[in-house]
Each structure stands twice: as structure tokens, then as C-alpha cells.
Amino acid sequence: RTRVAVLVSGRGSNLHALMAACAAPDYPAEIALVLSNNPDAPGLDAARDAGIPAQAIDHRPHGRDRAAHERQIDGALREAGIACVCLAGYMRLLTPLLTGTWTGRMLNIHPSLLPAFPGLHTHERALATGVKLHGCTVHLVTERVDDGPILGQAAVCVHPDDTPDSLAARVLEQEHRLYPLALRRHLEGARAEPLHEGVLLAV
Ligand code: GAR
């Protein structure tokens, strides 16, 4: 099984979804390390409770030296023999130090149907724009933020009475379905089942 590290900054619900998927005996990955830039991230405790090594690597002592922080992260990933990294609500911008080292081996989940709405406040912006379909994307990480080859997407209909919170909650449900499927597909390639087949039509 591929040794995967999950990087989180906050709530950690996508980490939970990945941990649940990895509990299945036929899943091709195991979570071998959880890292967070935020020592208070609830995901760190959840990982430890599940017997997964979890480490806070705080960015604050490094000030503006992003490279120094990333060197520390890269060192921890190597030490743990990690082969693939999943960013799951990891809210630090990455420099080429990490994106270059982990090209093709680092995935991210983003709460929009990329290339629409890169960056922050995606649900507010989706509502303000009036899109009828919204959703989430799992993609390979490149130097450019919220860019890179798309591995999978899941869409939801936008309801006329949606608020950013109600829309975010529906998208999050899909994130939890999508991330484990997209990771499996990435690791197994053609051997994995297709993610999903179907047509979603919203008027
Ligand atoms: C998720 O919605 C994820 O897509 C988003 O942060 C949330 C983290 O939730 N990521 C980004 O916005 C990355 N730019 P979680 O901590 O409960 O998984």
C-alpha cells in the first residue's frame, strides 16, 4: 500500500474521509503521517487517536522564510518514507521547493469546479456569479495555485435559496466522496473503477 501523508490546517473533515477509505482492506493507500502547520488543528488529535503519527510543523517560527518551513516539512515526509502527499484543507501557499520536489505525487482538493473560482471564498463567489453548478476538484499540485492536471470533479446544483454555508455543506459532502475515489484512481490508474458516470443538468 502506498504510504500517503495528509497535510491539514484546520477542521480535518477530508482527512477523516481519507482515513475511513484507508480502513478498507483493498484500498491502495495507507495514511502513514499527518502534518499540520497549525499545532491546534483538530486533525492532529484525530490522527493520533487512530494510531497515525501526527506532527505539527508550525510556520510561525520561520517568519517569512517559507522555504525554511517547507524544508522541515519535506524532511518529515522523507523520514516517514512518504510516496504521495494529499493536501486536505492545507491553507499555506506552497513554493517550488515543495511543489517541485513532489511534482506528480502531491494532490489537492479545492472547493470549486476548477478552473472556475481558484483562491478563497469560492462559495460566495459562485453565488455572486450565479453559476447553476458548483462543486469540488481534486488535482495534482503545480507551482501555480489551484492549477494543475485535474484528477476528478464532483458537481452539485446551486439552489435559489442557497447561502454560502448551505452551498459549502453540500459541496463538502461531495469532497468526502471525491477525494478517496480520486486518490484511488491516481494510485491504481486504469485498474481502478471509473470515478462516476452520469450527467448532471441544472437549469
Ligand atoms: C475544504 O472545503 C477544502 O476543499 C478547502 O478547505 C476545506 C477544508 O476542510 N480547501 C481549500 O480551500 C484549499 N485552497 P476540512 O479541513 O474539513 O477538510
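The values are calculated or read from the model by the stated rules, or taken from the named source; none is laboratory data. Source: prediction; values computed, not measured. When we count neighbours, we look across all protein chains shown, and the Cβ atoms used for this are built from the backbone with ideal geometry, even at glycine. Please note that ligands, DNA and RNA were not included when accessible areas were found on the heavy atoms of the full protein model with its side chains. Shrake-Rupley method; radii C 1.70, N 1.55, O 1.52, S 1.80 Å.
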Hey, could you check the range 63-76 for residues that are open to solvent by 50 Å² or more (accessible area, probe 1.4 Å) and part of a helix (DSSP H, G or I) and say which is nearest to the ligand (Cβ to nearest atom)? Arg66
Gly119 within 16 Å of the ligand (Cβ to nearest atom) and exposed (fewer than 14 other Cβ atoms within 10 Å of the Cβ): yes
Spot the failing condition for Cys86; the list is (1) of a type outside the set (D, E, K, R); (2) open to solvent by less than 20 Å² (accessible area, probe 1.4 Å); (3) more than 27 Å from Leu167 (Cβ to Cβ); (4) in contact (Cβ under 8 Å) with a residue 40 or more places away in the chain, and only one is missed. (3)
For the range 19-43, what are the residues that are free of Cβ contacts under 8 Å to residues at least 60 places away in the same chain and assigned to a strand (DSSP E or B)? Glu30, Ile31, Ala32, Leu33, Val34, Leu35, Ser36
Of all residues making up the range 122-132, the number that are open to solvent by 40 Å² or more (accessible area, probe 1.4 Å) and touching an Asp or Glu at 6+ places or on another chain (Cβ under 9 Å): 1
Matching residues in the range 79-88 - criterion: being in a loop (DSSP other than H, G, I, E, B) and within 17 Å of Gly148 (Cα to Cα): Ala88
Within the range 137-179, of all residues that are small (Gly, Ala, Ser) and free of Cβ contacts under 8 Å to residues at least 24 places away in the same chain, the one farthest from the ligand (Cβ to nearest atom) is Ser166
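Yes or no, residue by residue, for (1) open to solvent by 20 Å² or more (accessible area, probe 1.4 Å); (2) touching a residue at least 24 places away in the same chain (Cβ under 8 Å); (3) closer than 20 Å to His186 by Cβ:
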position: Arg78; (1), (2), (3): yes, no, no
position: Leu93; (1), (2), (3): yes, yes, no
position: Gly100; (1), (2), (3): yes, yes, yes
position: Leu114; (1), (2), (3): no, yes, yes
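Mind listing whichever residues of the range 12-50 are loosely packed, with under 15 Cβ neighbours inside 10 Å and farther than 19 Å from Leu77 by Cβ?
Result: Ala20, Ala23, Ala24, Pro25, Asp26, Asp40, Asp45, Asp49.
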Among what's in the range 145-167 and is open to solvent by 30 Å² or more (accessible area, probe 1.4 Å) and not in a loop (DSSP other than H, G, I, E, B), pick the residue that is nearest to Thr122 (Cα to Cα). Pro164
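Tally the residues that are assigned to a helix (DSSP H, G or I), more than 7 Å from the ligand (Cβ to nearest atom) and among the small types (Gly, Ala, Ser), restricting the search to the range 2-18. Can you show your working first?
Initial filter on the range 2-18 (assigned to a helix (DSSP H, G or I)): 13-18.
Within this subset, residues satisfying the condition of being more than 7 Å from the ligand (Cβ to nearest atom) are 16-18.
Next, from what is left, pick out any that are among the small types (Gly, Ala, Ser): 17.
Residues in the range 2-18 being assigned to a helix (DSSP H, G or I), more than 7 Å from the ligand (Cβ to nearest atom) and among the small types (Gly, Ala, Ser): 1 in total.
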